[in-house]
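First comes the structure, then the notes that go with it.
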Amino acid sequence: MATGRNTKRNKKYAGAFEMGLKVEKEQNSDTMCLNGLTETQISQLIQSMEVNPTIEAHIKEPTLQWVRLQLEEQKQGGAWKRRIREAGHVI
């Protein structure tokens with residue numbers, strides 16, 4: 001009776017699946033996101049960007065506006081992504 005555990009086919013596809021996971025982790029590690037940060041950490045990020053003299057104003061202001069908007073919407077809770085999309089932004 002075959003249990004389907006240690007067959008050649010399962011080993012072959014298990015390796016491919018693990019390789020896919022490694023590629024996904026590598027791709028995600030390069031992206032910048034605010035997920036997993038606390039409200040305090042995001043506030044500190046905003047404050048440090050505001051006073052950073054090495055970032056030019058035309059780059060800094062749109063980024064700060066976006067981060068503030070996202071923080072405010074997340075504080076309200078619920079469907080915050082939908083509200084941002086309805087305002088015309090792309091997430």
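At 0.36 nm per residue, and after removing the present C-alpha to C-alpha distance, how many nm does the segment from His89 to Glu50 gain when stretched out fully? Provide the component values of the computation, followed by the final result.
Values: separation 39, 0.36 × 39 = 14.04 nm, distance 2.22 nm.
So the extension gain works out to 11.8 nm.
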Fill in: Whole-Hz couplings from phi, Karplus 6.51/-1.76/1.60, listed for region 79-86; x for Gly and Pro
8, 5, 5, 4, 4, 5, 5, 5
Worksheet, complete the sentence: Neighbour-count ranking for Val67, Val90 (other C-beta within 10 angstrom, fewest to most) reads Val90, Val67
Worksheet item: So for the pair Ile42, His58, with labels modelled 7 Å out along Cα→Cβ, what separation do we get in nm?
Response: 2.9 nm
Worksheet item: Mind listing the phi-derived Karplus ³J(HN,Hα) values for region 37-46, rounded to whole Hz, using 6.51, -1.76 and 1.60 with θ = phi - 60°, and x for any glycine or proline?
Response: 8, 7, 4, 5, 5, 5, 4, 5, 4, 4
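Values in this text are rule-based calculations from the coordinates and carry no lab data. Keep in mind that this is a model prediction, so the values were computed, not measured. So basically every Cβ, Gly included, is an ideal-geometry build from the backbone, and we count neighbours across all protein chains shown.
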